[in-house]
Amino acid sequence: MLQVQNIEKYYGSRNNVTRALDRVSFDVADGEFLVIMGASGSGKTTLLNCISTIDTVSAGKILMDGVNIADLSEDALAKFRRERLGFVFQDFNLLDTLTVEENIGLALALNHTDAKTVQERVREAAGKLGIADILSKFPYQISGGQKQRTACARAMVAGQSLLLADEPTGALDSKASKNLLEIMSAMNRDMKATILMVTHDAYSASYADRVLFLKDGRVFNELLRGDRGRAVFYHEILDVLAALGGDVSDVF
Amino acid sequence: MCWLRWEVMSVTYFKLSLRNARRQARDYLIYFVTMVMASALIYVFNGLAFSNEVRQLAQGLDSLPLVIVFASIVVVCIFGWLVSYSTRFMLTRRSRELGLYILCGITNNQVAQLFFLENLAAGVVSLFFGVALGGLLYQALRAVVMSLFGLPYRFALTLSVPSVLLTALYLSAIYLYALQKNRKLIRRMKIYDLIYYEKQNEDAVIQTGKGRRKLFLISIVSGVIGTCLLMTGGTAAGLIGAECIIFFLFGFFLSFASGVPAFFDRHPFRKYQGQNLLVFRTLTAKLATMGIAMAVISLIFTATLLTEGSGFMINGLTRSRAADNACFDLYLSAEGEKKDFTPYLVYIAENIPVEQSLLYRIFLSGSTQVMDYICEHTAHDNYEYDSDPVLRFSDYAMLRTMAGYPAVEPEPGKYLIHCKSFLEEPLRSYDGTLSLNGISLTAGSIHTEHLSQGFYDMTNGRDYILVIPDETADGLEIHHTAYAAKTAEPVTEAQLAVLSDMSDQDYDEETDPLGYVFVDTRANEENMAAMQILLLVFPLFYIALALTMTAAAILTIQQLSETDRYRRQFVLLRKLGMDQRDMARALRNQFAVYYTMPAVPAVLISVPFILKLCYQPEPGVMVGISSPAAVTAISLGVFFLIYGIYILLAYTSLKRNVLPKRFRK
């Protein structure tokens with residue numbers, strides 16, 4: 001579904017260049033739950049921004065179903081974001097002037113979906129995520145976990161095929177985090193949603209099928225969960241993170 | 001702890017205040033520009049009041065300082081509200097920051113002083129720039145005043161010290177009142193109150209109570225009833241109508257935030273159409289916290305339009321009456337034919353250089369046929385002549401020459417009509433025959449130049465006069481005798497005073513039944529008009545400007561204070577795939593609705609008022625550029641021009657700061 005090929009990203013002026021991403025390559029298969037981990041400044045949010053077309057790469061290609069997103073026009077990019085991508089952010093990014101129902105429906109309204117269908121699909125998505133009873137409330141009236149589920153509903157309601165999540169559990173307590181991660185797992189498992197999540201939390205990462213580790217803008221390591229249980233996978237992630245904390249030569 | 005570090009870093013209150021004042025000037029630029037303009041406006045009009053040059057233009061201008069001081073008190077109250085509202089608003093926006101100062105160990109008193117000092121600094125800067133700008137604007141106003149009195153203007157940049165001091169006094173009163181209020185508030189506040197002050201507004205964002213929905217419906221009904229009552233006229237109905245309108249404004253803006261969601265609840269499918277969701281949710285969120293302010297702003301707009309409309313109406317009325325009365329450099333008239341004009345003519349011959357003059361008579365035709373026709377075909381029926389006034393053709397021809405109008409050929413067997421322009425159309429279809437001394441005259445051409453046909457019956461007919469061949473006037477009853485002259489130089493105020501004194505001494509109701517000699521000059525009419533404009537119209541525009549600037553500035557401050565929130569909103573919408581055109585359209589629609597809402601009720605209320613006001617004076621004066629439609633259009637035009645500048649500034653600023661960079665056009 002998604003192919004990231006040798007992308008590089010530089011910031012700054014000619015005399016002071018910061019390399020945020022350095023020849024990063026990987027593929028994401030349909031229906032996969034991929035997590036990208038790394039310390040602060042490792043380039044994981046930059047990578048997510050490039051994939052989500054919010055930022056552009058300095059070199060390399062990002063192909064979505066074989067189409068290089070750098071070749072798309074401004075209008076086509078907007079359409080691409082509307083129809084193919086769903087976003088879940090650490091700070092929820094809900095519009096505080098809209099109700100939960102309207103926040104979810106916004107993704108469909110932007111697609112110019114007819115009003116009747118908007119209501120039906122919002123209710124269907126809200127039902128799946130267990131927030132049907134708070135549809136008329138405003139963001140400031142609900143909990144952090146409910147806000148994040150609302151964001152998840154918005155990210156899937158328009159039938160988006162790739163859900164991009166940036167530290168989605170960062171502002172949640174452990175119970176709400178677990179609840180959200182199980183919902184995302186269910187979306188991946190039951191609704192075949194492809195998920196690309198950025199996090200620095202090993203527990204969140206343990207829900208993934210595969211974990212990519214970034215360090216200093218490069219892919220440092222990769223872990224596949226396979227048939228292992230989540231607890232085992234969690235410990236393996238912690239081991240890699242421990243190695244990641246030291247020098248790269250300590251791992252290889 | 002923080003305070004200790006500040007001391008180490010040598011950051012004093014004063015420096016911190018200055019730094020904050022500079023930052024606030026950036027965040028609330030439009031407010032500070034408005035305050036600079038306000039200072040300039042106050043300086044300019046006080047400059048007029050203190051100007052010896054202006055006061056010496058006419059004797060009646062002695063009362064100008066009193067009028068300007070009175071208008072200034074109104075203007076100070078208006079700007080006082082602006083400063084009070086804006087500083088309170090800034091306090092709300094910065095409450096968390098101020099709370100953090102207290103959290104760091106600064107006392108409430110010190111924080112209050114900090115807030116006080118930085119706003120005072122902004123006030124001093126406003127005064128400084130305002131006076132500088134006012135100095136230039138005063139020259140523009142001086143040029144207008146000189147042109148009003150027909151005098152030459154010479155540029156001379158001066159600084160009026162009394163005006164500067166009075167402007168400083170007014171501004172001090174405005175700022176000290178507003179800041180003292182905030183100082184008290186900060187002193188009383190606890191850290192929690194300050195840190196969560198904004199939260200108080202958030203809690204009030206959505207009011208979905210049934211009571212508010214009912215209020216929304218009732219207010220709409222009240223608005224419709226109020227407008228109908230105002231349109232029907234009558235003092236009692238008008239007063240009730242005005243009360244209904246005020247209730248409508250407050251009710252509407254207070255309940256709008258819940259009325260719209262209620263509407264969408266009933267019509268859920270409309271919510272997701274086009275930009276509705278974003279535009280109306282943003283608007284209702286804003287109105288939920290500023291419903292009362294919005295109602296007050298709408299009332300201010302109404303007051304602005306009424307003030308401007310009254311100003312333009314008085315301006316038009318004054319100029320129109322002056323134009324009609326000021327046809328001859330010198331004009332005398334007295335009832336009947338026996339009044340002896342000799343003393344007056346002697347004085348004129350000795351003191352006033354006359355180029356052309358005419359002593360003539362206004363006769364009565366003995367028939368009211370034209371008067372009856374006019375009364376029947378127009379709304380005007382207040383004529384004091386016993387029958388139609390008539391004038392001999394030779395006198396008429398001479399009067400035209402003196403007034404500088406092109407000559408008119410006599411039309412044998414016909415009578416001409418000279419009337420005010422508003423009667424031209426109805427009289428075109430008049431074809432009555434006039435019989436004088438056994439000679440029948442048919443209706444001839446109609447002429448409409450100004451010919452002193454004003455308010456008084458001692459002029460050349462009131463609104464109209466019939467011009468007849470000389471020979472047909474023999475034996476007709478004389479209504480009054482008049483003297484008109486064209487002079488080489490304008491008749492001075494002193495000369496007019498001598499003639500008027502002669503008239504006053506000459507007239508005694510018991511001993512001199514021949515009547516009073518009416519004396520008028522072109523210069524006097526023009527001076528009177530200029531004086532009335534200066535004393536009535538200028539203060540009205542002064543107040544109207546202050547009203548518009550205040551209301552538009554508050555709306556704009558409110559809108560621009562949301563810049564960060566709008567920016568976050570559009571960044572999110574961009575991520576969600578909203579395209580460039582839709583984003584720009586949403587912002588535009590949001591803007592249009594926000595700025596239109598308070599203006600619509602004001603326009604709906606004030607337009608019938610202005611029209612009604614313009615129909616009050618006698619017919620024939622509110623015509624052309626002063627016609628009711630023109631006065632209304634000009635009033636609206638001036639209002640929307642100033643309002644439009646604020647809207648444009650706010651829109652440009654918001655578009656630049658809110659729409660994601662790649663999407664800006």
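The values are calculated or read from the model by the stated rules, or taken from the named source; none is laboratory data. The shown structure was predicted, so the numbers you read here are calculated from the model rather than taken from an experiment. Note: ideal-geometry Cβ built from the backbone for every residue, glycine included; neighbour counts use all protein chains shown.
Summary of values
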| quantity | calculated |
| --- | --- |
| Hits in the range A:87-105 (condition: at positive phi and within 7 Å of chain B (Cβ to nearest Cβ)) | A:N93 |
| Hits in the range B:433-463 - residues which are among the charged types (D, E, K, R) and crowded, with 21+ Cβ neighbours inside 10 Å | B:R462, B:D463 |
| Qualifying residue in the range A:119-128 (condition: outside any strand (DSSP E or B), among the aliphatic types (A, V, I, L, M), at the interface with another protein chain (Cβ under 9 Å from one of its Cβ atoms) and under 19 Å from the mean Cα position of the chain (by Cα)) | no |
| Odd one out for A:V17, checked against (1) away from chain B (no Cβ under 14 Å); (2) assigned to a strand (DSSP E or B); (3) under 30 Å from A:G226 (Cα atoms); (4) hydrophobic (A, V, I, L, M, F, W, C) | (3) |
| Pairs with Cβ under 7 Å, 6+ apart, first in the range B:314-329 and at pLDDT below 90, second among the charged types (D, E, K, R) | B:A322/B:E525; B:A322/B:E526; B:N325/B:D520; B:N325/B:E525; B:A326/B:R522; B:A326/B:E525; B:A326/B:E526 |
| Selection from the range A:126-177 of residues that are over 25 Å from A:N49 (Cβ atoms), of a type in the set (V, I, T) and surrounded by 21 or more Cβ atoms within 10 Å (Cβ to Cβ) | A:I131 |
| For B:V638: the one exception among (1) surrounded by fewer than 18 Cβ atoms within 10 Å (Cβ to Cβ); (2) among the β-branched types (V, I, T); (3) at pLDDT 90 or above | (1) |
| Residue within the range B:596-607 that is in a helix (DSSP H, G or I), farther than 29 Å from B:L278 by Cβ and of a type outside the set (S, T, Y) present | yes |
| Only one of B:V593, B:V517, B:V537 that is surrounded by fewer than 17 Cβ atoms within 10 Å (Cβ to Cβ) and of a type in the set (V, I, T) | B:V593 |
| Candidate set from the range A:129-146 (those that are under 24 Å from the mean Cα position of the chain (by Cα) and of a type outside the set (A, V, I, L, M, F, W, C)); member that is farthest from A:A186 (Cα to Cα) | A:Y140 |
| Looking only at the range A:57-85, and only at residues there that are within 14 Å of another protein chain (Cβ to nearest Cβ) and in a strand (DSSP E or B), the one that is surrounded by the fewest Cβ atoms within 10 Å (Cβ to Cβ) | A:M64 |
| Qualifying residues in the range B:103-139 (those that are surrounded by fewer than 19 Cβ atoms within 10 Å (Cβ to Cβ) and of a type in the set (V, I, T)) - the one modelled with the lowest pLDDT | B:T107 |
| Candidates B:A334, B:A349 - the one that is surrounded by 21 or more Cβ atoms within 10 Å (Cβ to Cβ) and within 30 Å of B:A494 (Cα to Cα) | B:A334 |
| Output for the range B:555-602, where each listed residue is of a type in the set (D, E), without any contact (Cβ under 8 Å) to a residue 40 or more places away in the chain and facing chain A (nearest Cβ under 10 Å) | B:D579 |
| Output for the range A:129-159, where each listed residue is aliphatic (A, V, I, L, M), over 23 Å from B:Q273 (Cα atoms) and within 12 Å of chain B (Cβ to nearest Cβ) | none |
| In the range B:141-178, the residues that are assigned to a helix (DSSP H, G or I), small (G, A, S) and over 22 Å from the mean Cα position of the chain (by Cα) | B:S163, B:A168, B:S172, B:A173, B:A178 |
| Check on A:S73, within 23 Å of B:Q580 (Cα to Cα) and modelled with pLDDT under 85 | yes |
| Residues being crowded, with 19+ Cβ neighbours inside 10 Å and more than 9 Å from every other protein chain (Cβ to nearest Cβ) - total across the range B:266-282 | 2 |
| Conditions (1) part of a helix (DSSP H, G or I); (2) more than 10 Å from every other protein chain (Cβ to nearest Cβ): number failed by A:L108 | (2) |
